[in-house]
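> Take a look at this one; I'll ask things after.
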Amino acid sequence: MAGLFNMAKRKRRNRYRGPDLTAELELDAGDELTLKAGEFDERGLATSMLDSAPVTIAGAIPGENVSAKVVKVYRDRVATLVGEVATPSEHRVEPRCRYFGECSGCQWQHIDYGHQLEIKRAMVEAALQPYETLREIEVGETLPSPSQFGYRNHARFTVGRGEENGVAGFKNADSRRFVRIDECLIMDDRINETLGKLQGRLDRMTQFSVRVGANTGDVIVQPLLPAEIQDVPSGRQRYVEEVRGAKFQVAASSFFQVNTAQLESIVVEIVSMLGLEGDGTLVDLYCGVGTFARLLSPFAGRVIGIEESASAVADARVNCADVDNVEFIEAKAELAAQDLVEAGLEIDCAIIDPPRIGCHPQALEALRVLSPQRIMMVSCNPTTMSRDLDLLCRSGFKLVSVRPVDMFPQTRHVESLALLEG
Ligand SMILES: C[S@@+](CC[C@H](N)C(=O)[O-])C[C@H]1O[C@@H](n2cnc3c(N)ncnc32)[C@H](O)[C@@H]1O
């Protein structure tokens, strides 16, 4: 573990532009601190204070007294990694992964799964609090993932340089140190099998991704591997996944939900929360390769998917070729939604599943005018979700329920389903 600290440089540049909060501290990477762990921050790390400087403690749980080693001194915080835990939390468990801490990909393997779900619920609740329109809502229990490990269908590996040339792994978010990974426990087994075949053979590469259709076993590796690697097919443009009996072709560049089994559960949840009964017009904003459009098509009269990526729309059209009530518009959501307003379309329901930055205000304004009876927001970012829900509530919708969903066990990431009524 000592090597983790050698490469750490003081004051590495980050996006923070405020005052230098750590200027007075005489600290270097590797120094040991004794700390009391406080609440989690948005990175999913327990926090503390050293004089007036914020500290994050990877691998700690709020309430614990710990020793921690300095990994990096930023201008806005000191990043540390837990060492000895003097007063372990009742929620502490032994991390299963041999790389936990050294690799920063999972933040919460040291926390029992039930408590992970509760923290995620609290994170969503906290994100809603700044808004008068949202704060009264009682956030539901987090929907657990069917699998706590082995659930990810998509991995993006970094390839090492120098002594680690050709080796696959991940980079630690704070130390930026490369960590060789021979098995990642949150990945589907078939991703680990592919990793095993490629490990140590990736000279001249910097990164590669492996995606698997969890229900089809179809594996793609991107980009094209060096010619001498002949036993692992690579460079194919698309792979195929199957969800609830429907086939989806997905371009290597396109988004697909990373936890296929949990996707199946949220579709059931969405049908029930939206009260879809087989008729009415449903608009699917930010529809990607048509996942929700296709899976919800049996529960609606007409579905209109809107997506800006040309290749995702091309796949969406193929994915919905076996149903006759779905159509797609290739355009930015904010522009296409305005067009629907101008066309005088009447819609009953909308599902909106934007990227992390959330929705364009014009898309939300168009929804106000389209005035569906129900809107389901699917979001992987509680902060932008709350901002957008507030805008919708101030334009006349009412937030009626919020359900966090665990798509990403062992990590700080949380997905949410939020239902609004007109
Ligand atoms: C979180 S993904 C959701 C995809 C889909 N709902 C699914 O579950 O697979 C967000 C999608 O929004 C698309 N996107 C991003 N900005 C957009 C915009 N302004 N207008 C339309 N689509 C956009 C991305 O290409 C991506 O496919």
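> Can you name every one of the strands (runs of 3 or more DSSP E) wholly within region 275-349 that holds 3 or more residues which are crowded, with 23+ Cβ neighbours inside 10 Å?
On the way: elements: 281-285, 302-307, 326-330.
The strands (runs of 3 or more DSSP E) meeting that bar are 281-285, 302-307.
> Of all residues being of a type in the set (S, T, N, Q) and more than 11 Å from the ligand (Cβ to nearest atom) in region 355-382, which is farthest from Arg394 (Cα to Cα)? Just the residue, please.
Gln373
> Here is a further query. Examine region 234-244 for a residue that is surrounded by fewer than 17 Cβ atoms within 10 Å (Cβ to Cβ) and either under 30 Å from Gly140 (Cα atoms) or assigned by TED's automatic domain parsing to the domain that holds Asp348 (or both), and state whether such a residue exists.
Pass one, region 234-244, residues surrounded by fewer than 17 Cβ atoms within 10 Å (Cβ to Cβ): 235-237, 240, 242, 244.
Now drop any that are not either under 30 Å from Gly140 (Cα atoms) or assigned by TED's automatic domain parsing to the domain that holds Asp348 (or both), which leaves 242, 244.
Among the residues of region 234-244, at least one is surrounded by fewer than 17 Cβ atoms within 10 Å (Cβ to Cβ) and either under 30 Å from Gly140 (Cα atoms) or assigned by TED's automatic domain parsing to the domain that holds Asp348 (or both), which makes the answer yes.
> Could you give every pair whose Cβ atoms fall below 8 Å, whose first residue belongs to region 202-224 and is in the same structural domain as Lys247 (by TED's automatic domain parsing), and whose second residue is assigned to a strand (DSSP E or B) and small (Gly, Ala, Ser), counting only separations of at least 6 or pairs across chains?
Leu202/Ala168; Phe208/Ala168; Ser209/Ala155; Val210/Ala155; Arg211/Ala155; Val221/Ser209; Gln222/Ser209
Yes/no matrix, rows are residues, columns are (1) crowded, with 17+ Cβ neighbours inside 10 Å; (2) more than 20 Å from Ser175 (Cα to Cα):
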| residue | (1), (2) |
| --- | --- |
| Pro19 | no, yes |
| Glu26 | no, no |
| Ala29 | yes, no |
| Glu32 | no, no |
| Lys36 | no, yes |
| Glu39 | no, yes |
| Ala53 | yes, no |
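> A follow-up question, please. Which of the residues that make up region 255-274 are within 14 Å of the ligand (Cβ to nearest atom), over 13 Å from the mean Cα position of the chain (by Cα) and either farther than 12 Å from Val243 by Cα or charged (D, E, K, R) (or both)?
Glu264, Glu269, Ile270
> Here is a further query. Give the residues of region 329-354 that are closer than 23 Å to Val271 by Cα and within 11 Å of the ligand (Cβ to nearest atom), sorted by residue number.
From region 329-354, those closer than 23 Å to Val271 by Cα are 329, 333, 337, 345-354; that's our starting set.
Across region 329-354, the qualifying residues are Ile329, Ala333, Ala337, Ile351, Ile352, Asp353, Pro354.
> Please go through (1) part of a loop (DSSP other than H, G, I, E, B); (2) among the basic types (Lys, Arg); (3) surrounded by 17 or more Cβ atoms within 10 Å (Cβ to Cβ) for Arg135 and return the number of the only condition it doesn't satisfy.
(3)
> Something else about it: Right, Arg302: basic (Lys, Arg), within 21 Å of Met273 (Cα to Cα) and either modelled with pLDDT under 95 or in contact with a Leu (Cβ under 6 Å, 6 or more places away or on another chain) (or both) or not?
Values: basic (Lys, Arg): yes; within 21 Å of Met273 (Cα to Cα): yes; either modelled with pLDDT under 95 or in contact with a Leu (Cβ under 6 Å, 6 or more places away or on another chain) (or both): no.
Answer is no for this residue.
> If you don't mind, there's one more thing I want to ask. Does any residue of region 94-102 turn out to be outside any strand (DSSP E or B), crowded, with 21+ Cβ neighbours inside 10 Å, hydroxyl-bearing (Ser, Thr, Tyr) and not assigned by TED's automatic domain parsing to the domain that holds Leu185?
Yes, the conditions are met somewhere in region 94-102.
> Which pairs have Cβ atoms under 8 Å, sit 6 or more apart or on different chains, and link a residue in region 137-161 that is on the phi > 0 side of the Ramachandran plot to one that is surrounded by fewer than 17 Cβ atoms within 10 Å (Cβ to Cβ) and not in a loop (DSSP other than H, G, I, E, B)?
Gly150/Asp189
> Next question. Just a yes or no: is a residue in region 279-298 outside the structural domain of Ile352 (by TED's automatic domain parsing), over 22 Å from the mean Cα position of the chain (by Cα) and modelled with pLDDT under 95? Show your work before the answer.
First, pick out the residues of region 279-298 that are outside the structural domain of Ile352 (by TED's automatic domain parsing): none.
Taking every residue of region 279-298 in turn, none turns out to be outside the structural domain of Ile352 (by TED's automatic domain parsing), over 22 Å from the mean Cα position of the chain (by Cα) and modelled with pLDDT under 95.
> Could you please find all residues in region 275-285 being within 15 Å of the ligand (Cβ to nearest atom) and farther than 17 Å from Val318 by Cα? If you could, list the steps in order and put the result at the bottom.
The initial filter retains those residues of region 275-285 that are within 15 Å of the ligand (Cβ to nearest atom), namely 282-285.
Result: Leu282, Val283, Leu285.
> Another question, then. Among the residues of region 144-176, how many are surrounded by fewer than 20 Cβ atoms within 10 Å (Cβ to Cβ) and in contact with a helix residue (DSSP H, G or I) (Cβ under 7 Å, 6 or more places away or on another chain)?
5
> Every residue in region 133-173 that is of a type outside the set (A, V, I, L, M) and touching a Leu at 6+ places or on another chain (Cβ under 8 Å), please.
Within region 133-173, the subset of a type outside the set (A, V, I, L, M) is 133, 135-136, 138, 140-142, 144-154, 156-158, 160-166, 169-172.
The answer is Thr133, Arg135, Glu141, Thr142, Pro144, Phe149, Gly150, Phe157, Gly166, Asn172.
> Then there's this: Just for region 388-422: of the residues that are assigned to a helix (DSSP H, G or I) and touching a residue at least 60 places away in the same chain (Cβ under 8 Å), which one is nearest to the chain's Cα centre (by Cα)? It would help to see each step written out before you state the result.
Initial filter on region 388-422 (assigned to a helix (DSSP H, G or I)): 388-394.
Those still in the list that are touching a residue at least 60 places away in the same chain (Cβ under 8 Å) too: 389-390, 393-394.
Values: Leu389: 19, Asp390: 22, Cys393: 25, Arg394: 27 Å.
Taking the candidates together, the pick is Leu389.
> Mind listing just one residue for me: the one in region 365-387 that is of a type in the set (A, V, I, L, M, F, W, C) and over 13 Å from the mean Cα position of the chain (by Cα) and, of those, farthest from Val283 (Cα to Cα)?
Narrowing region 365-387 to residues of a type in the set (A, V, I, L, M, F, W, C): 366-367, 369-370, 375-378, 380, 385.
Cutting the leftovers down to over 13 Å from the mean Cα position of the chain (by Cα) gives us 366-367, 369-370, 375-377, 385.
Working: Ala366: 12, Leu367: 10, Val369: 14, Leu370: 10, Ile375: 9, Met376: 10, Met377: 12, Met385: 18 Å.
This residue is Met385.
> How many residues does region 286-303 contain that are in contact with a Gly (Cβ under 7 Å, 6 or more places away or on another chain) and near the ligand (Cβ under 10 Å from one of its atoms)?
The number of residues fulfilling the criteria is 3.
The values are calculated or read from the model by the stated rules, or taken from the named source; none is laboratory data. In this text the structure is predicted, and so the values were computed from the model without any measurement. Neighbour counts run over all protein chains shown; Cβ positions are idealised from the backbone, glycine included.
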